[in-house]
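Here the structure comes first, spelled out in structure tokens, and everything after it is commentary.
The values are calculated or read from the model by the stated rules, or taken from the named source; none is laboratory data. In this text the structure is predicted, and so the values were computed from the model without any measurement. Please note: Cβ atoms are built from the backbone with ideal geometry, for glycine as well, and neighbour counts cover all protein chains shown. Please note that ligands, DNA and RNA were not included when accessible areas were found on the heavy atoms of the full protein model with its side chains. Shrake-Rupley method; radii C 1.70, N 1.55, O 1.52, S 1.80 Å.
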Amino acid sequence: MRFLRQVNSMKQFEVPIIYRSPLISAVKKKRKALDKLKKDFTPTLLDFGPVQIYLARHFGFCYGVENAIEIAFKTIDENPDKRIFLLSEMIHSPQVNADLLSKGVKFLQDNYGKELIPFDELTAEDVVIIPAFGTTLEIEARLNDIGIKTEKYNTTCPFVEKVWNRSESIAKKDYTIIIHGKPKHEETRATFSHAAANAPSVVVKDMAQAKELAKYITGEKPAALFYEEFKGQHSSGFDVTKDLQKIGVVNQTTMLASDTQSIADYLKQVMIATYNPQPEAISNYFADTRDTLCYATNDNQSAVMGLLEQPANLAIVVGGYNSSNTSHLVELCEEKLSTYFVNSEAKILSDEQILHYNFHTQEELVTENYLPATTPVKILITSGASCPDALVEGVISKVISFYQDSKTIEDVLVDFEGE
């Protein structure tokens, strides 16, 4: 497979060229040159005539994803005679995972940790790739006991590891760790495992759960109810009568930044109201943790807010249906206008029908007459951090194909090349 070296401000990565898009690469290169500090979140206009596409300032592959893809494909190239396994989906991209499977890689688990291949069938000669989400200490220990060197082919995102390090640092100061995340998500399970190894830990999935947790801090709810209400979401030996007296909040890196901040702010105020500390003594009850969302999540969400300032007819968000960060981009767009969540251009069935995913009900559905009858049609487009740019170009190409007088991709590309 041919590779294209992609220049990243932090590191250079080699990823398969099939995931790249000449148009998107040119757009990103130009925007980066004009906005090196990434302070401008206004979208980029691609004017095709009867169709005007507004691209978010930031979208697509992030540092952690490109790092994972590079490691995975190099691992395959370097181990032609070995069995290669992925612990679970490396990233939430059906296209990337399908490409890895086509090369003979097999998944050991599904996204929820259920074994697809028994671990006792593994040998020390096998290669196991740890996904970008990371894994639990328990699973890592099982693989190491078999003789598999997990550190050699570990694609854990450094920004996920940053959360683990933050958890460890506040655990050393006797804080209980509150994790804002989806309890069944691979990353949250991994973060919980690392946090619980160092301190009492509990997962809250949203503000509603945070408010219920607060009732155990204030004593509004009897302690005994906690173990049922938060079953499967707290560490072993968690003592609700004392382990909520000093807390700190970290998060699954792909959650909505505003939600995590709101939960942290709320719980901080609960601690202040409950213990009434002097301003200089608040840290005795609540850890002053900085935001643990990764840069890509922050940038992509901020870029969507900038995108939504542009009047438009509809929005299309491209990415894997089980991608947490992508679903949050959809959530932001849905607040403003009709939004269609697709994982490839194949879901755009015609100029009259689109097959899209409702992540609230976890089902695909067909919407009729999604494109307005008048022109120019204004469409907002973004994608998740594990979505190849080639898919975004594919979606753009499919949409403009419905308009006979539309400019081509090549026509518009000229406006961004050579500058």
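Summary table
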{"item": "Single unsatisfied condition, Q261 versus (1) under 28 Å from T218 (Cα atoms); (2) free of Cβ contacts under 8 Å to residues at least 60 places away in the same chain; (3) touching a helix residue (DSSP H, G or I) at 6+ places or on another chain (Cβ under 8 Å); (4) outside any loop (DSSP other than H, G, I, E, B)", "result": "(3)"}
{"item": "Test result for Y175, closer than 28 Å to C294 by Cα, in contact (Cβ under 8 Å) with a residue 40 or more places away in the chain and open to solvent by 80 Å² or more (accessible area, probe 1.4 Å)", "result": "no"}
{"item": "Some residue of the range 346-361 being open to solvent by 60 Å² or more (accessible area, probe 1.4 Å), modelled with pLDDT of 95 or more, assigned to a loop (DSSP other than H, G, I, E, B) and touching a Phe, Trp or Tyr at 6+ places or on another chain (Cβ under 6 Å)", "result": "yes"}
{"item": "Unique residue being more than 19 Å from the chain's Cα centre (by Cα) and surrounded by fewer than 19 Cβ atoms within 10 Å (Cβ to Cβ) when the list is A210, A224, A214", "result": "A224"}
{"item": "Looking only at the range 57-85, and only at residues there that are open to solvent by less than 20 Å² (accessible area, probe 1.4 Å), assigned to a helix (DSSP H, G or I) and in contact with a helix residue (DSSP H, G or I) (Cβ under 7 Å, 6 or more places away or on another chain), the one that is nearest to L37 (Cα to Cα)", "result": "G64"}
{"item": "Leading residue by the ranking (surrounded by the fewest Cβ atoms within 10 Å (Cβ to Cβ)) among those in the range 86-102 that are free of Cβ contacts under 8 Å to residues at least 40 places away in the same chain and of a type in the set (G, A, S)", "result": "S102"}
{"item": "Residues (within 25 Å of the chain's Cα centre (by Cα), open to solvent by 50 Å² or more (accessible area, probe 1.4 Å) and either at pLDDT 80 or above or more than 29 Å from G384 (Cα to Cα) (or both)) located in the range 275-294", "result": "D288"}
{"item": "Residue check for K268: modelled with pLDDT of 95 or more, basic (K, R), under 30 Å from S327 (Cα atoms) and open to solvent by 20 Å² or more (accessible area, probe 1.4 Å)", "result": "yes"}
{"item": "One residue from S236, S193 being in contact (Cβ under 8 Å) with a residue 24 or more places away in the chain and open to solvent by less than 50 Å² (accessible area, probe 1.4 Å)", "result": "S193"}
{"item": "In the range 300-325, the residues that are closer than 22 Å to D259 by Cα, in a loop (DSSP other than H, G, I, E, B) and of a type in the set (A, V, I, L, M)", "result": "L308"}
{"item": "Which listed residue is open to solvent by 30 Å² or more (accessible area, probe 1.4 Å) and closer than 21 Å to N300 by Cβ, from K29, K106", "result": "K29"}
